[in-house]
Amino acid sequence: MVYITRRETFSASHRLFNPELSDYRNDELFDKCNNIHGHNYILEVIVVGNIILETGYVVDLKILKNIISKTILEKVDHKHLNTDVDFLQGIIPTVENLCVAFWNQLVNKIPAGKLFSIKLSETENNFAEYRGE
Ligand code: NI
């Protein structure tokens with residue numbers, strides 16, 4: 001089995017806020033992140049599979065790129081993650097929740113091989129990884 005990665009970037013705004021909690025509690029939990037701000041995210045989609053003899057590929061990265069673009073990037077790039085994205089409605093857009101949400105959007109769309117992992121970096125120091133477990 002070989003693991004192959006496609007890396008993408010996008011920019012989006014968000015605030016960390018739980019509408020079910022008081023302003024006081026939101027401030028306490030999320031502090032500055034409760035204010036609207038933006039990140040330059042790095043998304044890594046890792047697919048695992050056997051190399052196909054005919055092509056030498058596990059998955060054609062051009063096809064994978066197009067799937068990621070259509071499924072994720074077109075919906076989130078330069079958007080406000082709290083309000084603008086259909087599949088993020090009702091989700092606090094932390095890096096953890098975004099990672100799981102992106103997995104759920106992509107998991108059944110990979111044509112060859114299978115989705116192994118989604119990694120999402122929000123800052124140089126903060127990133128999440130999800131493997132569907
Ligand atoms: Ni943030």
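The values are calculated or read from the model by the stated rules, or taken from the named source; none is laboratory data. Since this is a predicted model, take the numbers as computed values, not measurements. Because the Cβ atoms are built from the backbone with ideal geometry, glycine has one as well, and the counts that use them run over all protein chains shown. These accessible areas exclude ligands, DNA and RNA; they are computed on the full protein's heavy atoms, side chains included. Shrake-Rupley method; radii C 1.70, N 1.55, O 1.52, S 1.80 Å.
Is the shape of the range 78-133 best called rounded, prolate or oblate, per the rule: a/c under 1.5 gives rounded, else a/b larger than b/c gives prolate, else oblate, with a ≥ b ≥ c the square roots of the Cα gyration tensor eigenvalues?
oblate
Give the residue from Thr94, Leu16, Asn35 lying farthest towards the positive end of the charge dipole for the chain; charges sit on Cβ (+1 for Lys and Arg, -1 for Asp and Glu) and the dipole is referred to the Cα centre.
Checked the options; the winner is Thr94.
Could you work out how much longer the chain between Asn104 and Glu8 gets when fully extended? Use 0.36 nm per residue separation minus the Cα distance between them, nm to one decimal.
32.8 nm
How much length would be gained if the chain were fully extended between Thr123 and His78, taking 0.36 nm per residue of separation minus their Cα-Cα distance, in nm to one decimal?
Between Thr123 and His78, full extension yields 14.6 nm more.
How large is ³J(HN,Hα), in whole Hz, for each residue of the range 93-110 in order, when computed from phi with the Karplus curve 6.51 cos²θ - 1.76 cosθ + 1.60 and θ = phi - 60°, using x for Gly and Pro?
For the range 93-110, the Karplus curve yields x, 6, 5, 5, 5, 5, 4, 5, 5, 5, 4, 4, 6, 9, 4, 9, 10, 7 Hz.
Quick one: if you stick a label point 7 Å off each Cα along the C-beta vector at Ile91 and Glu54, how many nm between them?
3.4
At a Cα cut-off below 20 Å, give the aspartates and glutamates reachable from Lys119, other chains included and same-chain residues fewer than 8 away excluded.
Glu8, Glu44, Asp60, Glu74, Asp77, Glu96, Glu129, Glu133
Roughly how far apart, in whole Å, are the Cα centres of the range 60-82 and the range 96-133?
Each part reduced to its Cα centre gives a spacing of 12 Å.
Scan the range 17-92 for GluC sites (Glu not before Pro) in coil per DSSP, keeping those whose Cβ has at most 12 other Cβ atoms within 10 Å, and list them by number.
Taking the range 17-92 and a limit of 12 other Cβ atoms within 10 Å, the loop GluC sites (Glu not before Pro) found are Glu20, Glu54.
Just flag the trypsin sites (Lys or Arg not before Pro) in the range 28-133 sitting in loop per DSSP whose Cβ has no more than 13 other Cβ atoms within 10 Å.
The qualifying sites are Lys109, Arg131.
Just the number please: accessible area per residue for the range 64-133, 1.4 Å probe, all protein chains included, in Å².
55
Between Lys65 and Met1, take the C-beta separation as r, use R0 = 35 Å, and let me know the FRET efficiency to the nearest 0.05.
0.95
Check Lys79: other-chain or 5+ apart residues with amide H under 5 Å from its amide H, H built from backbone geometry?
Counting only residues 5 or more places away or on other chains, the set is Ser13.
Let me check I have the definition right: for the chain, take the eigenvalues of the Cα gyration tensor, multiply each by 5, take square roots. What are those semi-axes in whole Å, largest first?
Here the semi-axes work out to 32, 13, 12 Å.
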